[in-house]
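Inspection log for the structure reproduced underneath, given as structure tokens.
Nothing in this text is a laboratory measurement; each read-out follows from the coordinates by a stated rule. Small disclaimer: the values here were computed from a predicted structure and weren't measured. Cβ placement follows ideal geometry from the backbone for every residue including glycine, while neighbour counts extend to all protein chains displayed.
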Amino acid sequence: MTIGPLQLLLRTLFFGLVIWLAVDWALDQYETAIRERDSAITERDGLRDAARISGEMLAARDAIDLKRTEELNLASAQNAALQRDVDDGLKRLSVRATCKPAVPAPTGAAGVADAATPELAADARQDYFTLRSQLALSKQMILGLQDHIRQVCMRAPGTTATPQTDTPK
């Protein structure tokens with residue numbers, strides 16, 4: 001059994017076609033794998049950036065919270081010290097007030113105006129210190145929210161927020 005030249009040519013073309021299809025399929029698989037790898041690398045890098053940005057934002061939030069909490073604790077300590085000093089009689093709570101001059105009585109008796117400085121009544125002192133504490137708390141909450149907006153919310157993604165040192169008093 002001899003193979004004729006036409007049959008040899010057909011067999012060669014058939015095996016060549018099979019080999020060509022196998023190589024083409026392998027190249028397609030290779031290109032698909034490369035695209036999937038590149039996509040996974042891009043997704044990985046995006047997730048790393050998102051995690052880094054989230055970490056920076058959390059760190060900025062924690063720094064703002066720590067700063068404002070320390071300032072609130074300082075204001076509360078100052079308020080408590082003032083309250084102790086007032087209670088112990090070391091300091092007085094003066095009220096800015098103007099007193100009308102005493103009008104002499106029609107009987108002709110000379111009246112003496114109270115010469116003492118106006119001062120808060122004892123029952124109003126606690127309200128005064130409560131208002132001071134609430135004012136300090138509100139101030140720190142407002143400043144903290146402003147810092148959060150400036151340093152966390154309004155910053156461009158991927159940049160490090162610079163702390164604001166010029167806060168309104």
>> Return the residues of the stretch 1-47 that are among the β-branched types (Val, Ile, Thr) and part of a helix (DSSP H, G or I); say none if nothing qualifies.
In response: Thr12, Val18, Ile19, Val23, Thr32, Ile34, Ile41, Thr42
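Quick check, is Ile41 of a type in the set (Val, Ile, Thr), within 30 Å of Cys153 (Cα to Cα) and exposed (fewer than 13 other Cβ atoms within 10 Å of the Cβ)?
When the stated conditions are applied, Ile41 passes them.
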